Amino acid sequence: MPGKNKREIDVEHTMEKFGLYQVVQYFLICLPPMFITMYNVNYIFVVGEVNYRCRIPECDTSTGYPEYKPSWWPDKHIDRCKKPKFTGGACTKQSFSDDLEECTDWVYETNETVITELDLACHPWKSNMIGAVHNVGLSIAWLASGYLADRFGRKPTLILCGIFGGIGIFKVFTTSYIVYIILEFLEGTIGGGTYTSAMVLMIEIGGVDNRVLAGVIFSYAVYLGETLFALVAMFLPYWKTLVLIIYSPVITFVLLFFLIKESPRWQLLVNETDKAKHSLLHIAKVNKININKDKLLNMSPENLRKEFKMDTYQKRESFGAVVRSSEMRKRTLVAGFCKFTSGFVYYGLMVNSVFLPGNKYTNFMLATVMSYPGEFMSLYLMNKYGRKFPLIYGFLLCGVLCSACGAVPEEYKDVKVVLFLLGKLIVSVCFTGVITYTMELFPTSVRGTMLGVCSVCAGIGSVLAPLTPILNEVSIILPPLIFGATALVSGVLLTRTPETKGAPLMDTIEQLDRTYGQRSSTRR
């Protein structure tokens, strides 16, 4: 048979070939993160600003919803949180004095966003709090899901977080701000777990040469979710219709229990040896790889773990082992700050994109589209030149571009937009690169947990990002300068960590300390 003429592959190299198995699994794994991304950015439009004015009880008495721009409204500019004092008589422009009164009721231009539904006029902190609370939930999810992925498996964590992350669909049935914000928090806390578990699973079922590709594919799933959301929002601006459309497909995620496969590496680490053997045989069959099946089936758990260089692993390592290792402390600090920077700058530029001149949907989509070429750049640079140096130069360049965008005078709008988009392009390269680099820095025994820790840092950045427009009231150059300074610091910190291109994935902290401790001793 043709298969017998193929060169026999060692068991430990079963997952090195990128074949049909990885293609199908990557596609299925990316579905939950793609939809969860829509949930994570929905507040940008669902809680979008709308025009409103104070209601005048004496004049807004017509049947139906009052007109936002009635013919009798005074021509002079009036603070929309104040109302002109009505002097009596017929409602005309001359029926109001120059005195202003406190406003307690409002008329909205449209009902397209939740601002109208929850009557949030003149309470900007409440609308900003929705996005901030969602991102706080994401931070908790990234931390908790890392532990859950290490403890209970990558597959169940991914699918269950994807299914229950759809709890946000119940937002369409509430008229209470408190209930709405609780649902927003739960949505982020549960659904955000798909990111950590999906990325860990994609890294572990691929080979050494495909790690960057896995990161790029995962990032494209995120960007595709953002772009699809912008398209849906453009044609279905009414917030309830938008929410129902993007959340409804979540019910189909139940089918993923039968389609997505668990990571053989994780199965070996938790002593599910028989399941790991079955997974490896399935991968070999789908990818048409010739391995010694009898040898694999007859291998003892100890020998199979030794094949994958896991022979020193005895039990799941705790966070205490991370703290005791100087190498792990250093990597956590650098990776955590870089993840913070990628989240802070990426989402900061995304949020600020809707304030650019022009249509907000087009601007948002343009900002997401700029991420696509960034992934090709990341794939090429990190495969050709390694992980470390493209990230160093990328963060440094991003810092320069953001700072330059802030320094350019306002009258040069085209130059500012170009610098803004170039900064978004470069931070997209770093966003993907940091995901892959972080995955490679940490050993398998704590990879999910440490990715969760670093993702919390990214979550803190994403929580702070929506607040940066407030700084415009102090100075319009502050947000881009802060973005730039943060990126520059990340570029400097990355000089303290090792290159991981082509290096084998470490499976334990002990293995990592032994390898890099010997290197340090040799240098001394």
Per-residue ³J(HN,Hα) for region 184-191, Karplus 6.51 cos²θ - 1.76 cosθ + 1.60, θ = phi - 60°, Hz, x for Gly and Pro:
4, 5, 5, 4, x, 5, 8, x
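Counting Lys and Arg as +1 and Asp and Glu as -1, each charge on the Cβ, what is the dipole of the chain about the Cα centre in debye, to the nearest 20?
On the way: 52 positive and 44 negative charges, 467 e Å.
It works out to roughly 2240 debye.
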How would region 365-423 be classified by its alpha-carbon gyration tensor: rounded, prolate or oblate, with rounded meaning a/c under 1.5 and the a/b versus b/c comparison settling the rest?
oblate
Amide H contacts under 5 Å for ILE291, restricted to residues at least 5 apart in sequence or on another chain and with H modeled in the peptide plane, are ILE9
Rolling a 1.4 angstrom probe over the protein chains, ignoring ligands and nucleic acids, what is the accessible area of TRP125 in square angstrom, nearest 10?
140 Å²
Isolated Cys in the chain by the 4.7 Å beta carbon test?
CYS30, CYS161, CYS338, CYS398, CYS402, CYS405, CYS430, CYS454, CYS457
All-pairs alpha carbon distance profile, region 377-524, 10 Å steps from 0, percent
10, 33, 32, 16, 7, 1
Taking the square root of 5 times each eigenvalue of the Cα gyration tensor, what semi-axes in Å does the equivalent ellipsoid of region 217-333 have, largest first?
40, 24, 13
Obtain the radius of gyration and the Kirkwood radius of region 1-142 from its C-alpha atoms and give Rg over Rh.
1.41
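So which of LYS261/LYS285; LYS330/LYS424; LYS126/LYS424; LYS82/LYS126 end up more than 25 Å apart by C-alpha?
Working: LYS261/LYS285 14 Å; LYS330/LYS424 28 Å; LYS126/LYS424 28 Å; LYS82/LYS126 19 Å.
The pairs that break the limit, which is 25 Å between Cα atoms, are LYS330/LYS424; LYS126/LYS424.
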Estimated FRET transfer efficiency when R0 is 45 angstrom, pair HIS13-SER248 (beta carbons, to 0.05):
0.60
In the chain, if the dipole is taken from +1 on Lys/Arg beta carbons and -1 on Asp/Glu beta carbons about the Cα centre, which of THR468, TYR393, LEU296 is farthest to the positive end?
LEU296
Just to verify a number: what accessible area does LYS295 come out at with the full protein assembly present, 1.4 Å probe, Å² rounded to tens?
100 Å²
Applying the Karplus parametrisation 6.51 cos²θ - 1.76 cosθ + 1.60 with θ = phi - 60° to the phi angles of region 500-509, what ³J(HN,Hα) value in whole Hz is obtained for each residue in order, glycine and proline being reported as x?
10, 4, x, 7, x, 5, 6, 9, 9, 5
At q = 0.17 Å⁻¹, what log₁₀ I(q)/I(0) does region 224-271 have when each alpha carbon counts as one equal point scatterer in the Debye sum?
-0.66
What residues have an amide H closer than 5 Å to that of PHE96, excluding those fewer than 5 places away on the same chain, when H is modeled at 1.01 Å from N in the peptide plane?
THR87
Considering the convex hull of the alpha carbon atoms of region 130-235, report its projected area averaged over all viewing directions, in nm², one decimal.
7.6 nm²
Could you sort ILE245, ILE190 by accessible area so the largest value comes first, with the probe set to 1.4 Å?
ILE245, ILE190
A student asked for the Cα radius of gyration and Dmax of the chain in angstrom ought to give 26.5, 98
In order through region 360-365: 3J(HN,Hα) via Karplus (6.51 cos²θ - 1.76 cosθ + 1.60), integer Hz, x for Gly, Pro
5, 5, 5, 4, 5, 5
Any chance you could check the Cα centroid distance between region 419-469 and region 11-46 for me, in angstrom?
17 Å
How much length is gained on full extension from LEU228 to HIS123, taking 0.36 nm per residue of separation minus their Cα-Cα distance?
34.8 nm
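Please identify the GluC sites (Glu not before Pro) of region 394-473 that satisfy two criteria: DSSP loop assignment and at most 12 other Cβ atoms within 10 Å. Which are they?
On the way: sites: GLU410, GLU411, GLU440, GLU473; in loops: GLU410, GLU411.
Listed in order of number, the matching sites are GLU410, GLU411.
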Return the long-range amide H neighbours of TRP106 (sequence gap of 5 or more, or a different chain), with a cut-off of under 5 Å between placed amide H atoms.
ARG55
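Could you work out the relative contact order of the chain? I mean the mean sequence separation of Cα pairs under 8 Å and 6+ apart, divided by the number of residues, in percent. Working shown, then result.
Values: 838 pairs, mean separation 109.2, N = 524.
The normalised contact order for the chain reaches 21 percent.
The values are calculated or read from the model by the stated rules, or taken from the named source; none is laboratory data. This one's a predicted model, so the numbers in the text were calculated from it and none came from an experiment. Every residue, glycine as well, gets a Cβ built from its backbone with ideal geometry; the counts of neighbours run over all protein chains shown. We work out accessible area using only protein heavy atoms, side chains counted, and drop any ligands, DNA or RNA first. Shrake-Rupley method; radii C 1.70, N 1.55, O 1.52, S 1.80 Å.
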